[in-house]
Amino acid sequence: MSKQSRAELHAELARLAKLLPSWAARLVNWLRGPSSAWVRVPLAIVLIAAGLVGFLPILGFWMIPLGLALLALDVPFLQRPMARLLGWVADKIEGRKRDAK
């Protein structure tokens, strides 16, 4: 079950990366790599912590799901829920792009 959840998460991250600008897609793809765990985990913790004080200027609550998405690559019980959330986000972005045409 964990391998399936991990595969779903990677599939949704790849789908989302296709919708991002090229610089952001490269960053997402680099962070998904196994050699990037040394950056991914601390960055995820910083994003979650900064999101908790999202009422302050510049910081925002949007940082929490981003940090959880990064952490989900290394924490199995977060993989399925984050894959669903990323799928929902990608659906919304694709819908807006279709509506804009």
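The values are calculated or read from the model by the stated rules, or taken from the named source; none is laboratory data. Predicted model only: the values in this text are computed from it and were never measured. Cβ: placed from backbone, ideal geometry, glycine included. Neighbour counts: every protein chain shown.
Does any residue in region 80-92 that is touching a residue at least 24 places away in the same chain (Cβ under 8 Å) and on the phi < 0 side of the Ramachandran plot come within less than 7 Å, Cβ to Cβ, of a residue that is crowded, with 17+ Cβ neighbours inside 10 Å and hydroxyl-bearing (Ser, Thr, Tyr) six or more places away or on a different chain, and which pairs are these?
Arg80/Ser5; Ala83/Ser5
On the given criteria, is Trp62 loosely packed, with under 13 Cβ neighbours inside 10 Å, touching a Gly at 6+ places or on another chain (Cβ under 9 Å) and on the phi < 0 side of the Ramachandran plot?
Values: loosely packed, with under 13 Cβ neighbours inside 10 Å: yes; touching a Gly at 6+ places or on another chain (Cβ under 9 Å): yes; on the phi < 0 side of the Ramachandran plot: yes.
So Trp62 fits the description; yes.
List the pairs whose first member sits in region 3-21 and is under 22 Å from Lys97 (Cα atoms), whose second member is surrounded by 14 or more Cβ atoms within 10 Å (Cβ to Cβ) and charged (D, E, K, R), and whose Cβ atoms are under 6 Å apart, counting only residues at least 6 apart or on separate chains?
Leu13/Arg32
Could you check region 20-40 and list, in sequence order, the residues that are closer than 21 Å to Gly95 by Cα and surrounded by fewer than 14 Cβ atoms within 10 Å (Cβ to Cβ)?
Listed by number, the residues that qualify are Pro21, Ser22, Ala24.
From the list Ala24, Ala49, Ala11, Ala83, which residue is at pLDDT 90 or above and touching an Asp or Glu at 6+ places or on another chain (Cβ under 6 Å)?
Ala83
Could you count how many residues in region 66-101 are over 17 Å from His10 (Cβ atoms) and either surrounded by 13 or more Cβ atoms within 10 Å (Cβ to Cβ) or within 11 Å of the chain's Cα centre (by Cα) (or both)?
3
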